[in-house]
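Report on the structure given below.
Read-outs throughout are calculated quantities, based only on the coordinates presented, and are distinct from any laboratory measurement. Since the structure is predicted, the reported quantities are computational estimates derived from the model, not experimental observations. In this analysis, Cβ positions are derived from the backbone assuming ideal geometry, glycine residues included, and neighbour counts consider all displayed protein chains.
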């Protein structure tokens, strides 16, 4: 019987999910879409399990998944970490458009220390491997929602410095 966990050691009898890393898609944030409800259901199951949950939201639009605690200051992007043994507490990284994406901890099985996930390096690798430089027209404004005036000025200046606008 093939392993439900491709690439895992076939001699491990009962592999367990330690940390789920969820990268939100636009449909995960559209309350009118079926995938939104599916994601909330999956998320609830993860939060009831012994697994930790890292959610990466690099989308400016849509409805963010609810937090058990008061929302942090408004930001363009968010990363949250819910450690199984510390729920309902949640660690939140609010990220502004101008900020470098952070390195976030990813819990491993005890007694191992957290691993580090360098989001800036991960996004840069996906951008490079996906050929997005040739797919995105940087002369046009980004898709809605509209950027604030401060963010739009910063983005225009940054794109010009990179010589892609």
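Taking the Cα-to-Cβ direction at residue 30 and at residue 112 and moving 7 Å from each Cα, how far apart do the two end points lie in nm? Spacing of the two 7 Å Cα→Cβ label points: 3.7 nm. Angle, helix 149-161 long axis vs. longest principal axis of the chain, Cα atoms, 0 to 90°, nearest 10? The helix 149-161 is inclined about 80 degrees to the chain. So how tilted is helix 34-48 from the main axis of the chain? Cα-based, degrees 0 to 90, rounded to 10. Value to nearest ten degrees: 50. The distance from the alpha carbon centre of the range 13-86 to that of the range 143-165 is 28 Å, rounded to a whole number. What the Cβ-Cβ distance of residue 85 and residue 146 gives, at R0 = 41 Å and to the nearest 0.05, is a FRET efficiency of 0.50.
Of all DSSP-defined beta bridges confined to the chain, some 75% are antiparallel rather than parallel. For the range 67-111, list residues with backbone N below 14 Å from a point placed 7 Å from the Cα of residue 123 toward its Cβ? Counting only backbone N, you get 75-80, 93-104.
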